[in-house]
Amino acid sequence: MRRSERKQLDPDLGVLTGRLLFAVQDELFDTLARQGHPDLRPQHGAVLAYLDTEGSRATELARHSGQHKQVVGKLIDELETLGYVQRRPDPADRRAKLVVPTALGRDQMTRSDAILAAMDHRHAEAAGAASYTEFKRLLRQITRRQRAWREDEPTGD
């Protein structure tokens, strides 16, 4: 059996999560575009998905999203140009900057939350509420373990 056939019949964790991620992003960003946010791209989610309404530091956004600081900085620049965020001095540390959503950014955040809640509701109805809750619990657990894989590697000491 060819590898591509095997991946279709019995997809591994990477293929399954990739398919899920791209399908969620497609629906989310297509819906956002129809609701007045046509310039956003899935890459912007590395910032927007983790941005607090009160503002977040770029280093926090990079840590939460798993992206390099340089990538997050470029995305922040793009979102600032598009009018979704602005940089402000952090009141807790004037040397640091906070990335703060603008009114346009807050509108996008509210709409994204509603779109994702509708997806959750739709999948919970299809799978059953208890099964969907268990699926999300297991997915969170697997994600935590996978993100921590480097910590579990033997050090060779």
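Odds and ends about this structure:
- You will find that of Arg87, Arg95, the residue that is part of a strand (DSSP E or B), over 22 Å from Gly18 (Cβ atoms) and free of Cβ contacts under 8 Å to residues at least 12 places away in the same chain is Arg95 and no other.
- Members of the stretch 70-85 found to be surrounded by 13 or more Cβ atoms within 10 Å (Cβ to Cβ) and out of contact with any Leu (no Cβ under 9 Å at 6 or more places or on another chain), listed by number: Val71, Gly73, Lys74, Glu78, Glu80
- A single member of Leu79, Leu138, Leu116 is more than 22 Å from Thr17 (Cβ to Cβ) and of a type in the set (A, V, I, L, M), and it is Leu79.
- When Ser65 is tested against (1) modelled with pLDDT of 95 or more; (2) of a type outside the set (Phe, Trp, Tyr); (3) closer than 25 Å to Thr143 by Cα; (4) in contact with a helix residue (DSSP H, G or I) (Cβ under 8 Å, 6 or more places away or on another chain), exactly one condition is not met: (1).
- Matching entry among Gly73, Gly105 (being within 14 Å of His44 (Cα to Cα) and in contact with a helix residue (DSSP H, G or I) (Cβ under 7 Å, 6 or more places away or on another chain)): Gly73
- Members of the stretch 67-90 that are charged (D, E, K, R) and under 17 Å from His37 (Cβ atoms): Glu78, Glu80
- Only a single criterion out of (1) more than 23 Å from Arg137 (Cα to Cα); (2) surrounded by fewer than 13 Cβ atoms within 10 Å (Cβ to Cβ); (3) hydrophobic (A, V, I, L, M, F, W, C) is not satisfied by Val100, namely (2).
- Hits in the stretch 109-153 (condition: at pLDDT 95 or above and more than 21 Å from the chain's Cα centre (by Cα)): Glu125, Ala126, Ala127, Gly128, Ala129, Ala130, Ser131
- Taking the stretch 1-45 as the range and being in contact (Cβ under 8 Å) with a residue 24 or more places away in the chain, over 23 Å from Lys97 (Cβ atoms) and assigned to a helix (DSSP H, G or I) as the test, the residues that pass are Leu13, Val24, Glu27, Leu28, Thr31, Leu32.
- Of residues in the stretch 46-67 being small (Gly, Ala, Ser) and in a loop (DSSP other than H, G, I, E, B), the one surrounded by the fewest Cβ atoms within 10 Å (Cβ to Cβ): Gly66
- Set side by side, the residues Leu61, Leu40, Leu75 differ, and just one is of a type outside the set (Ser, Thr, Tyr), under 12 Å from Gly105 (Cβ atoms) and within 15 Å of the chain's Cα centre (by Cα), which is Leu40.
- For the stretch 7-29, the tally of residues that are surrounded by fewer than 12 Cβ atoms within 10 Å (Cβ to Cβ) and not hydrophobic (A, V, I, L, M, F, W, C) stands at 6.
The values are calculated or read from the model by the stated rules, or taken from the named source; none is laboratory data. Since the model is a prediction, treat every value here as computed from it, not as a measurement. All Cβ positions, even for glycine, are placed from backbone atoms using ideal geometry, and neighbour counts span all protein chains on display.
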